[in-house]
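The values are calculated or read from the model by the stated rules, or taken from the named source; none is laboratory data. The shown structure was predicted, so the numbers you read here are calculated from the model rather than taken from an experiment. Cβ atoms come from the backbone with ideal geometry, glycine included; neighbour counts cover every protein chain shown. Protein only, heavy atoms only, side chains kept; ligands, DNA and RNA dropped before computing areas. Shrake-Rupley method; radii C 1.70, N 1.55, O 1.52, S 1.80 Å.
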Amino acid sequence: MRKTILTAAMALTVAATGLAVAEAVTPAKPAHAALSDVPADCGVFTAAYRSDGQRLTYWYSGGETGTTAYANDNLGWVPTAHQQIGGSGDDTSFRSTEYAAHPTDGWLYKVSRQGELVDGTMRITTISAERLKSGFAGTRVLATASPYLYRVAGTSLYRYTETYVDGEFTLSSPVKLTSTGWDTVNTLTYERSGGTGSAAVDVLIGTKTNGQLKEWRVNRATPKTITSKVLRTVGWAPFTSLSTGYCDAHPNGRPILGIKASGAASAHFDANKTDGVGTDISGGSLGSLGWTAKAYGQ
């Protein structure tokens, strides 16, 4: 599933509430003034989990920031890594399917959520967590580039293939793409796929402990063939969550949302998301937003 489709699906679930505080379990934080470098037509969203297992959505859209939460949207535990698989819906209902790595039992779960508008308030009516695959202890980051799932654990990067066995959705055995250096990667998210045939690649973007904002290109046919480019050399180490979104009027660009463990966030705009160059990335801090729940990447 392409990045723009996933972003649209997430935006749809947020839009279903009209971003109204009355429809949230916890009030949205006050909106902050838009950064002039980030176009108002851009939006980016990411999932987060509070320590009590309540799911949240942190968002930056139309020059405003906010937190959205639905009633009954409690998983009961906090994933060490999380990633959206897909979603659909309208202003009265939605469905969402996600990967979530359990913090203690070593399993990857498929989380399914269904929300409906009830008496004017969007709430979760069905939520389930189904064990999908074992061997996920120590998972720090997940990134989906359907039909592939990338996983960061320890010093290594792994890739799994989504498949069906006897009609049941599952994952293949892992392929270890590299076994060194990935303990220095703080965040990683799927950006897009490009190329054709043997040159087709998945493009991932993330941050490192040395402060770099970096882009990796993983060859789909020979996934151990990985090239990379440094987009920015300093300033990105503090982010524990990194997400990219979509701009309606600037389809060649992308908004980037970074969240720190302290609850502060930054919004940026990359004018050309495919050039592999970071000199055109602008934006800056949104200040402290109280976003202290464990946030992931999208």
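The count of lysine pairs in the stretch 142-285 whose Cα atoms are under 22 Å apart, excluding pairs fewer than 8 places apart on the same chain, comes to 13.
Annotation: Y148 carries an accessible surface of approximately 40 Å², with a 1.4 Å probe and no ligand, DNA or RNA atoms counted.
Evaluating 6.51 cos²θ - 1.76 cosθ + 1.60 at θ = phi - 60° for every residue in the stretch 152-157, the Karplus couplings come out as 10, 8, x, 8, 10, 10 Hz, glycine and proline recorded as x. If you take all other residues with their beta carbon under 11 Å from the beta carbon of T178, and give Lys and Arg +1 and Asp and Glu -1, the sum is +3. Each of C247, G235, L257 was scored by the projection of its Cα onto the charge dipole of the stretch 206-269, and the greatest displacement toward the positive side belongs to G235; charges sit on the C-beta of Lys, Arg, Asp and Glu. Distance between the C-alpha centres of the stretch 70-127 and the stretch 203-269: 25 Å, rounded to the whole angstrom. Sorting 175-188, 284-297 by their mean Cβ neighbour count within 10 Å, with the most densely packed peptide first, gives 284-297, 175-188.
Taking only alpha carbon atoms, the chain gives an Rg to Rh ratio of 0.94, where Rh is the Kirkwood radius. For the pair L117 and S51 in one chain, pulling the backbone fully straight at 0.36 nm per residue adds 21.2 nm over the alpha carbon distance. Taking every C-alpha pair closer than 8 Å and separated by at least 6 residues, the mean separation divided by the residue count of the stretch 238-297 gives a relative contact order of 34 percent. Computed over protein heavy atoms with a 1.4 Å probe, the accessible surface of the chain works out to 40 Å² per residue. Close amide H contacts of N186 (hydrogens built in the peptide plane, cut-off under 5 Å, sequence separation of 5 or more or a different chain): T207, K208, T209. Farthest toward the positive end of the dipole of the chain, out of G194, L204, S156, is the Cα of S156, where the dipole comes from beta carbon charges about the Cα centre.
As a length-normalised measure over Cα pairs under 8 Å and 6 or more apart, the relative contact order of the chain settles at 16 percent. Rounded to the nearest 500, the helix-only mean residue ellipticity at 222 nm of the chain stands at -1500 deg cm²/dmol, with each DSSP H run of n ≥ 4 adding -39,500 (n - 2.57). Paramagnetic label reach from T222 (point 7 Å along Cα→Cβ; backbone nitrogen cut-off under 19 Å): within the stretch 161-189, residues 175-179.
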